[in-house]
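First the structure, in the form of structure tokens, and then the observations on it.
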Amino acid sequence: MAAVLELRNLSLGYPDLTLFKHLSLDMKAGTTLAVLGANGSGKSTFVKMLLGLMDPLAGRLHWPSGRPGEIGYLAQLTEFDRRFPIRVRDLVAMGAWRGFDLWSGLGRGGRNRVAAALEEAGIPDLADRSLHTLSGGQLQRALFARVILQDAPLILLDEPFAAVDQSTEAHLLSIIKRWREENRAVVLVVHDLSSVLDHCSHALLLGNGAATHGSVAEVLTPDLLVAHGYLSQSQASWMFRGSIEQKGQAHA
Amino acid sequence: MLELFAEMWSFAFMRRAFVATTVLSASVAPIGAFLVLRRLSLAGEAMAHAITPGIVIGFVAAGLSVMSLLIGGLVAGVGVAILTALLARKTILRSDASLASLYLIALAAGIFILSAAGSAVPLKSFLFGSILGIDDASMMLVGGVAAVTLVAFAFLLRPLIVSTCDPIFFESQTRRPWLVDQGFMLLLVLNLLAAFKTLGTLMAVGLMILPATAARYWASTITGQLVLGFLFALASCWIGLTLSYFFPETPSGPAIVLVAGGFFLISALFGPLGFGGRLRKPSPGAKPSVEQSYAEERIQ
């Protein structure tokens with residue numbers, strides 16, 4: 001699989017705070033990368049760097065096939081102004097705003113794509129609703145529909161399941177699964193070790209000034225989670241008690 | 001009564017005032033709408049004060065000509081906008097505190113220079129506007145600014161909507177997001193200058209903010225916000241100018257802004273997104289009300 005993005009010896013942070021150093025990884029098409037870490041470990045900063053909103057302190061980002069014209073992006077819900085006077089279909093259409101005609105806006109083809117995205121996100125009946133009448137889960141579905149419309153090879157999702165119920169989470173995960181099948185690269189910032197990880201091929205663990213990247217099984221070990229300050233020793237012992245016991249028995 | 005209106009309409013300066021404010025309403029309505037939606041209402045007010053020294057220095061140097069007004073105001077407005085951004089980026093102050101500090105200095109400097117120069121123009125008309133001051137050159141200024149604003153909005157409207165609704169998404173989708181911000185600020189300064197003769201420096205922003213905030217209580221779409229904002233601005237100008245004519249001691253600026261204030265209060269009381277919406281009980285099975293959604297938003 002071709003790499004969409006290559007990071008080489010990358011350090012990220014601010015002039016007076018280095019979040020991590022020496023990260024190298026290849027983000028390949030068709031992979032899903034979970035970015036995990038404690039609060040303040042640099043998860044959202046990492047996403048902002050990928051979006052080009054800030055530069056790394058050192059190292060290099062390389063786009064082997066050129067930087068995509070469009071990067072699908074879903075910010076945290078807390079950063080969104082829900083009182084803005086706009087309908088759901090217009091919010092979704094923002095995913096294609098650069099293709100709008102100056103006077104007539106979205107053409108028939110564009111309107112059909114908006115309708116299809118709303119359908120796929122499971123909210124075709126909310127198209128004419130104002131944003132302020134939506135619940136958190138409904139708004140998140142609308143924002144997912146906007147990402148669908150962006151039709152981007154690289155998709156960045158910053159804590160997409162923070163304010164949604166289980167059924168919405170399951171529906172949104174099915175969309176992420178389809179993106180992977182369509183050979184898109186997906187970066188998924190998650191705050192907890194949840195069922196989301198079953199849908200990820202790789203993980204990037206941030207914290208304590210370091211970054212570790214690899215397959216989910218390689219990265220999410222009790223030792224690494226404790227070393228990056230994501231779990232305390234006792235939390236790790238409790239969470240991984242089954243696998244530790246199995247290891248002990250195998251050792252005996 | 002009709003005779004009084006006919007008498008008012010017989011004066012060329014009144015006809016000019018009506019035409020100028022009608023064009024001005026079309027120009028300031030979209031600016032006001034986005035000032036409110038971008039949460040820049042107070043920044044707009046501050047900017048109106050910040051351009052004062054530029055206008056005054058232009059006036060003292062070259063008299064009350066449209067060019068001196070335009071150049072002086074633009075230099076002061078753009079200067080304050082750049083200094084505000086610099087202070088916010090390079091020092092501990094946030095942009096609101098930076099802008100507040102700069103506009104206070106600018107306003108004080110403007111009034112000081114105007115008084116020290118012993119100007120022949122009454123301070124009252126400078127601060128609050130005068131319908132008598134609308135000459136042909138002022139009409140040209142208002143018309144030119146309106147044309148520039150409306151053409152610019154044809155290009156800026158969609159980027160403005162995206163950047164206002166979801167600024168982080170917008171920044172992620174464009175290499176030069178500052179172009180929209182700075183373009184909007186430039187249009188704001190131009191419109192403040194266009195409104196200066198009719199409304200004065202202290203009241204100029206009133207015609208932008210109050211019709212927009214009044215429209216906010218009724219409109220749930222951008223189109224509705226823009227159209228209603230224009231209609232409120234237009235009605236405020238026409239009624240305000242009429243009041244100013246019937247009460248000759250009244251400057252036109254406060255009269256127009258006071259009428260706009262009336263629209264705001266009525267909208268806050270009766271608009272579906274104001275107190276009026278809160279008093280209505282939702283019917284069973286109805287869509288969630290605005291206040292339910294706000295409550296939910298706060299909980300989340």
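The values are calculated or read from the model by the stated rules, or taken from the named source; none is laboratory data. Computed from a prediction, not measured in an experiment: that's the story for all the values here. Cβ atoms come from the backbone with ideal geometry, glycine included; neighbour counts cover every protein chain shown.
General remarks:
- Every residue from segment A:223-239 that is surrounded by 13 or more Cβ atoms within 10 Å (Cβ to Cβ) and over 15 Å from A:Asp192 (Cβ atoms): A:Leu224, A:Val226, A:Ala227, A:Ser237
- The residue of segment A:40-92 that is surrounded by the fewest Cβ atoms within 10 Å (Cβ to Cβ), among those that are small (Gly, Ala, Ser) and under 20 Å from B:Thr164 (Cα atoms), is A:Gly52.
- Residue within segment B:69-80 that is under 27 Å from B:Met139 (Cβ atoms), out of contact with any helix residue (DSSP H, G or I) (no Cβ under 7 Å at 6 or more places or on another chain) and either among the polar types (S, T, N, Q) or modelled with pLDDT under 85 (or both) present: no
- B:Asp96 being within 28 Å of B:Val23 (Cα to Cα) and among the acidic types (Asp, Glu): no
- Meets criteria (modelled with pLDDT of 90 or more, closer than 28 Å to B:Leu127 by Cα and buried (at least 22 other Cβ atoms within 10 Å of the Cβ)) for B:Leu207: yes
- Subset tally (residues that are surrounded by fewer than 23 Cβ atoms within 10 Å (Cβ to Cβ) and closer than 28 Å to A:Arg82 by Cα) for segment B:19-35: 1
- Residues within segment A:49-85 that are in a strand (DSSP E or B) and at the interface with chain B (Cβ under 10 Å from one of its Cβ atoms), tallied: 4
- Residue in segment B:166-183 that is within 20 Å of the chain's Cα centre (by Cα), among the hydrophobic types (A, V, I, L, M, F, W, C) and at pLDDT 85 or above present: yes
- When we screen A:Leu118, A:Leu91, A:Leu102, A:Leu106 for residues that are of a type outside the set (Ser, Thr, Tyr), at pLDDT 90 or above and within 17 Å of B:Thr223 (Cβ to Cβ), the only hit is A:Leu91.
- Selected residue (criterion: nearest to B:Ala29 (Cα to Cα)) from residues of segment B:165-180 that are more than 7 Å from chain A (Cβ to nearest Cβ) and either of a type in the set (A, V, I, L, M, F, W, C) or touching a residue at least 40 places away in the same chain (Cβ under 8 Å) (or both): B:Val180
- When the helices (runs of 4 or more DSSP H) confined to segment B:161-223 are screened for residues that are within 16 Å of B:Ala43 (Cβ to Cβ), those reaching at least 2 such residues are found at B:177-203, B:206-216.
- Selection from segment B:200-219 of residues that are within 14 Å of chain A (Cβ to nearest Cβ) and closer than 28 Å to B:Leu107 by Cα: B:Ala212, B:Thr213, B:Ala214
- Taking segment B:133-164 as the range and being more than 11 Å from every other protein chain (Cβ to nearest Cβ) and of a type in the set (Ser, Thr, Tyr) as the test, the residues that pass are B:Ser138, B:Thr149.
- Residue within segment A:152-166 that is surrounded by fewer than 17 Cβ atoms within 10 Å (Cβ to Cβ), in contact (Cβ under 8 Å) with a residue 24 or more places away in the chain, closer than 22 Å to A:Ala115 by Cα and more than 10 Å from the chain's Cα centre (by Cα) present: no
- Residues that are aliphatic (A, V, I, L, M), surrounded by 18 or more Cβ atoms within 10 Å (Cβ to Cβ) and under 23 Å from the mean Cα position of the chain (by Cα), drawn from segment A:115-138: A:Ala117, A:Leu118, A:Ala121, A:Ile123, A:Leu131, A:Leu134
- Residues within segment A:1-44 that are within 19 Å of A:Val186 (Cα to Cα) and outside any strand (DSSP E or B), tallied: 8
- Residue match in segment B:51-68 (condition: buried (at least 23 other Cβ atoms within 10 Å of the Cβ) and either under 22 Å from B:Leu179 (Cβ atoms) or among the acidic types (Asp, Glu) (or both)): yes
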